[in-house]
Amino acid sequence: MLPRAGDGGGGGAQRAAGRLVVVSNRVAVPKRGEPSAGGLAVALRDVMAATRGLWFGWSGETQPAPDAAARFRRAGGVEYALLDLSPAELRGFYAGFANATLWPLFHFRLGLVRYDRAEAEMYRAVNRRYADALAPLLGADDMVWIHDYQLIPLAEELRARGCRQRIGFFLHIPFPPWAVFGALPGAAGLLRALLAHDLIGVQTARDAEGLKDCLRQGLGLPVGADGVAKAGGRRVRIAVHPVGIDTAGFARLAARAAKREEAQRLAASLGGRALVIGAERLDYTKGLPERMKGFAELLRRFPEHRDRVTFLQVAARSRGEVESYRDLRRELDSLAGRINGDFAEFDWTPVRYVARSIARDTLAGFFRLARVGLVTPLSDGMNLVAKEYVAAQDADDPGVLVLSPFAGAAEAMSGAILVNPLDADAMAEALRDALAMPLDERRARHAAMMDHLHAVTASGWAERFLADLALLRREATRSPR
């Protein structure tokens, strides 16, 4: 077991200094023999292993009366501190306030926001319980990196327990402006909780502007040109840190996977037809119904593509306890059936809809086979599927990315065809253009995007964020607050 520091503000004499402590709501401890996880988990594990780091968060398990203290496991040079939740905590904190209130709010879907004061209080209570368990584990020289919307109040709770470490926060989803965020009861309190961090990282310049607008209008705080806001004697910096992927690793994975049985079976089943692919969680932010409608419009308006293209949509089920997700599943089932009923031939099914997850390596092989990657969220922090699709391509004969401008990835993926997912006619035209694009143009677009993907990787994202946080630490050492 990891030795404890004894207090949240210092201690830790029994441990080496300079440790990174990552905090996320869900902690997936790697198991021997399992395929490697995605790029973000690998990047974080690598940097934590280098600093003998600690990863703290929910175990994914529930217990009627969970222990207040964390239990520990070690894997790959990383120590994992795991907390269980009670069923009531899972309902109120996770399914309730986090995913039925904050998730639609941050994705600009006010009509889907469900607010319940008891769930909001449970959200705070679970963050307090996390802080109670985490604070005694922290040494004076540790850096704490908290991730995502489930844990916005955690730094404030740690400060209340005397923790003076550098604490960074990264939001993986969009940050809306005050006109949206201000609709949340208690919005100002949640913003004040964010100010307990030293560094707040977001995916895009648009997200940074949304947060700054909230601070200005919601709290009356000016934000300097350097992204620094001052509140209560603290300096909090807002910075853009776009998430990347393990570009080279995913490219190798896709090249290998394309030769395996699953990809070869898919290729054979297409009968020489072009493949359009989409793959993400079953979520109303991903624009899945709009995507299917756009593909149907392609077949309706451009009949030359009938019997010549197949659309494979993988939509792994998630959050089935939330009513809006069940409604989405029913809508997609209906749309897929209607499109196939309208356009299918006895030897061709235009839409293949898979409502379950597919192994990451298998999906990489499917990406490599696809002539078009269709990534059209209504709102998304970054969307790594867009980047993985591009990385998976054969540079000699690459496919084309059709991308929503509402995905964070659109800020830098200049080689994509951008299309508004709400415009079915525009999506049909984008698909037509992608399917007809000549090889030299496909190569040029792909090369431009690969240059970006090699420059902005998952490991580089982690290193840059932590370097920013360490710099703030040195500045605070030289100039006490």
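So, in the stretch 384-395, of the ones that are more than 17 Å from residue 276 (Cβ to Cβ) and surrounded by 24 or more Cβ atoms within 10 Å (Cβ to Cβ), which residue ends up farthest from the chain's Cα centre (by Cα)?
The selected residue is 391.
Taking the stretch 160-190, which residues are assigned to a helix (DSSP H, G or I) and more than 21 Å from the chain's Cα centre (by Cα)?
160, 178, 179, 187, 188, 189
What residue, among those in the stretch 211-259 that are farther than 30 Å from residue 391 by Cβ and in contact with a helix residue (DSSP H, G or I) (Cβ under 6 Å, 6 or more places away or on another chain), is surrounded by the most Cβ atoms within 10 Å (Cβ to Cβ)?
Restricting to residues being farther than 30 Å from residue 391 by Cβ and in contact with a helix residue (DSSP H, G or I) (Cβ under 6 Å, 6 or more places away or on another chain), the top hit is 214.
Out of (1) buried (at least 16 other Cβ atoms within 10 Å of the Cβ); (2) touching a Leu at 6+ places or on another chain (Cβ under 9 Å); (3) in a helix (DSSP H, G or I), the odd one out for residue 276 is which?
Residue 276 satisfies all of (1) buried (at least 16 other Cβ atoms within 10 Å of the Cβ); (2) touching a Leu at 6+ places or on another chain (Cβ under 9 Å); (3) in a helix (DSSP H, G or I) except (3).
What pairs come up if the first residue lies in the stretch 395-424 and is over 18 Å from residue 382 (Cα atoms), the second is among the aliphatic types (A, V, I, L, M) and surrounded by 21 or more Cβ atoms within 10 Å (Cβ to Cβ), and their beta carbons are under 6 Å apart, counting only those six or more places apart or on different chains?
Note: pairs meeting the criteria are 399/370; 399/372; 400/372; 400/434.
Is there any pair linking a residue in the stretch 349-363 that is touching a residue at least 60 places away in the same chain (Cβ under 8 Å) and closer than 16 Å to residue 289 by Cβ to one that is among the basic types (Lys, Arg) and assigned to a loop (DSSP other than H, G, I, E, B), with Cβ under 9 Å and at least six apart or on different chains, and which?
355/317
Give me the pairs: first residue in the stretch 62-84 and in contact (Cβ under 8 Å) with a residue 24 or more places away in the chain, second residue of a type in the set (Ser, Thr, Tyr) and buried (at least 19 other Cβ atoms within 10 Å of the Cβ), beta-carbon distance under 8 Å, and six or more apart or on different chains, which are they?
72/80; 73/80; 82/59; 83/59; 83/130; 84/59
Just for the stretch 75-114: of the residues that are touching a strand residue (DSSP E or B) at 6+ places or on another chain (Cβ under 7 Å) and in a strand (DSSP E or B), which one is farthest from residue 46 (Cα to Cα)?
Restricting to residues being touching a strand residue (DSSP E or B) at 6+ places or on another chain (Cβ under 7 Å) and in a strand (DSSP E or B), the top hit is 85.
Give 116, 148, 141 a once-over and let me know the one that is out of contact with any Asp or Glu (no Cβ under 7 Å at 6 or more places or on another chain) and at pLDDT below 95.
141
Of the residues in the stretch 175-210, how many are closer than 22 Å to residue 242 by Cβ, of a type in the set (D, E, K, R) and touching a helix residue (DSSP H, G or I) at 6+ places or on another chain (Cβ under 8 Å)?
Going through the stretch 175-210 one residue at a time, the tally reaches 3.
Out of the residues in the stretch 139-159 that are over 24 Å from the mean Cα position of the chain (by Cα) and part of a helix (DSSP H, G or I), which is nearest to residue 125 (Cα to Cα)?
Here the residue is 157.
The values are calculated or read from the model by the stated rules, or taken from the named source; none is laboratory data. From a predicted model like this one, the values you see are computed outputs, not experimental measurements. Cβ atoms come from the backbone with ideal geometry, glycine included; neighbour counts cover every protein chain shown.
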